[in-house]
Amino acid sequence: MDHHTAGESHGRELVAIVSGVPAGVRLTQEDFDRDLARRQVGYGRGGRMAIEADTALVIAGVRGGVTTGAPVCCTIANRDWENWSDVMCAFGTPATGRAVTAPRPGHADLAGCQKTGATDARDVLERASARETAARVAAGAVAKSLLNAVGVSVRSWVERIGPVTTGPLSPAQVDADDVEASDVRCSDEEVAAQMRAAIDGAREAGESLGGVIVVAVEGAVPGLGGYASAGDRLDARLAAAVMSIPAIKSVEIGDGAASAALPGSKVHDPIVWAEGVGFARASNHAGGIEGGMTNGEIVLVRAAMKPIPTLMVPLRTVDMETHAAIDASRERSDVCAVPAAAVVAEAEVALVLADAYCRKFGADSLGDILEALSAYRRRIAREVG
Ligand code: EPS
């Protein structure tokens, strides 16, 4: 399973194409739109989200609510396009009123212009914009439906916004309904209030805030991914997928970087035999992955997001035309998009996991996957628990 997106932040539409989707996966309009709406929510978002009401128009690969095996394609309209059609027109001469020549430190603006030769950073920032992640979430909805059919669920929460954190929590400590009801995706209401206050403070100061998100995958069988070749390693593939989300600066599996400070006996998870379950672990420091493969425990992916580079009290930069020292460009933007990034990370993780199921159990039809999965479960129960 592979996916691509197209579309600019203020262009007409975003497009997502997911290829290699097995036939027979049930999908509803709600499957797409629920996650698109979840991505739009979040304390700290800017004025743009009041304009957009993201919904997926499925135009290929699904018939009667079931995937056919053809690439699944959907579009998401940018309502804001109406205000930008003169700037973002495909043909004719684009209006120059919103040209950007003051590249923002921390954004793709400068290196993107150097790379492509663009003289207006708008050519770069329109695509480097996190608006593109709406299309990824639509692609992720396809992956989540496949995962749902094989008994796997994906959820997320926010562990930190700026200086405010719950500290690391186990999935059992995080109530999924409370997370969904929270506009900062934090189930601890006291900490959530502090997170909102931190965002308010940042807004007043013309600042922006980053944070830490966690994605948990429950129900994955052991043995997804691989140990034999670098490209098969599931932890590497998850890290690449989550790191590809704009502004993500680090990705950890399980205890991640904290493991480096501890002796082995505090890091590795004792193997136990649980009657009726088979092999299990007494703890889950590994975050469900050992040797590049799932081990049957909950897969835990933690990612850190840097603060958004668009600052209302801007840093200094250099004008790309005159080379004069000036303030970086200011665009309407978000103060904090950490809760949205958590939903995007769910999509990225789901796409990697769904692909891992297809690689191991077949990619043509869900029925074939379910048969192969059930044979696999029987074999590992017989041979190694
Ligand atoms: C973004 C800037 C803001 C965000 C946008 C990402 O958009 P605008 O410049 O139109 O105010 O709201 O995020 C989205 C539109 C979205 O759907 O997430 C940026 O520069 O990355």
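What the table below lists for this structure:
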| item | result |
| --- | --- |
| Any hit, the range 133-147, residues being within 15 Å of the ligand (Cβ to nearest atom), within 19 Å of the chain's Cα centre (by Cα) and of a type in the set (D, E, K, R) | yes |
| Selection count, the range 334-348, where residues are within 12 Å of the ligand (Cβ to nearest atom) and acidic (D, E) | 1 |
| Single match in Q173, Q194 (criterion: polar (S, T, N, Q) and closer than 22 Å to D334 by Cβ) | Q194 |
| Leading residue by the ranking (nearest to N295 (Cα to Cα)) among those in the range 199-215 that are among the small types (G, A, S), touching a residue at least 60 places away in the same chain (Cβ under 8 Å) and surrounded by fewer than 24 Cβ atoms within 10 Å (Cβ to Cβ) | G210 |
| Flag for R377 being open to solvent by 40 Å² or more (accessible area, probe 1.4 Å), more than 19 Å from the chain's Cα centre (by Cα) and within 12 Å of the ligand (Cβ to nearest atom) | no |
| Candidates A337, A354, A347, A363, filtered to the one that is surrounded by fewer than 22 Cβ atoms within 10 Å (Cβ to Cβ), out of contact with any strand residue (DSSP E or B) (no Cβ under 7 Å at 6 or more places or on another chain) and touching a residue at least 60 places away in the same chain (Cβ under 8 Å) | A363 |
| A345 vs. criteria outside any loop (DSSP other than H, G, I, E, B), at pLDDT 95 or above and either in contact with a Cys (Cβ under 6 Å, 6 or more places away or on another chain) or not β-branched (V, I, T) (or both) | yes |
| Residue list for the range 204-220, filter: within 18 Å of the chain's Cα centre (by Cα) and under 19 Å from N284 (Cα atoms) | I213, V214, V215, A216, V217, E218 |
| Single unsatisfied condition, A111 versus (1) assigned to a loop (DSSP other than H, G, I, E, B); (2) of a type in the set (A, V, I, L, M, F, W, C); (3) open to solvent by 40 Å² or more (accessible area, probe 1.4 Å) | (1) |
| Answer from R79, R98, R63, R48 - the residue that is surrounded by fewer than 20 Cβ atoms within 10 Å (Cβ to Cβ), at negative phi and free of Cβ contacts under 8 Å to residues at least 24 places away in the same chain | R63 |
| Strands (runs of 3 or more DSSP E) lying entirely in the range 1-68 (those with 2 or more residues that are within 13 Å of the ligand (Cβ to nearest atom)) | 13-19 |
| Every residue from the range 81-117 that is β-branched (V, I, T) and under 22 Å from P309 (Cβ atoms) | V87, V100, T101, T116 |
| Criterion violated by R48 - all others in (1) out of contact with any helix residue (DSSP H, G or I) (no Cβ under 7 Å at 6 or more places or on another chain); (2) modelled with pLDDT under 95 satisfied | (1) |
| Residues being open to solvent by 30 Å² or more (accessible area, probe 1.4 Å) and within 13 Å of the ligand (Cβ to nearest atom) - total across the range 310-333 | 5 |
| Pick from the range 284-304, criterion among the charged types (D, E, K, R) and more than 18 Å from A354 (Cα to Cα), ranking: surrounded by the most Cβ atoms within 10 Å (Cβ to Cβ) | R302 |
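Here's the yes/no breakdown for (1) in a loop (DSSP other than H, G, I, E, B); (2) in contact with a Gly (Cβ under 9 Å, 6 or more places away or on another chain):
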site: D123; (1), (2): no, yes
site: R127; (1), (2): no, yes
site: V137; (1), (2): no, no
site: N148; (1), (2): no, no
site: S187; (1), (2): yes, no
site: R196; (1), (2): no, yes
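The values are calculated or read from the model by the stated rules, or taken from the named source; none is laboratory data. Everything numeric in this text was worked out from a predicted model, so none of it was measured. Methodologically, a virtual Cβ is constructed for each residue, glycine included, from the backbone with ideal geometry; neighbour enumeration extends over all protein chains shown. When the accessible area is computed, the model is the full protein with side chains, heavy atoms only, and any ligands, DNA or RNA have been set aside. Shrake-Rupley method; radii C 1.70, N 1.55, O 1.52, S 1.80 Å.
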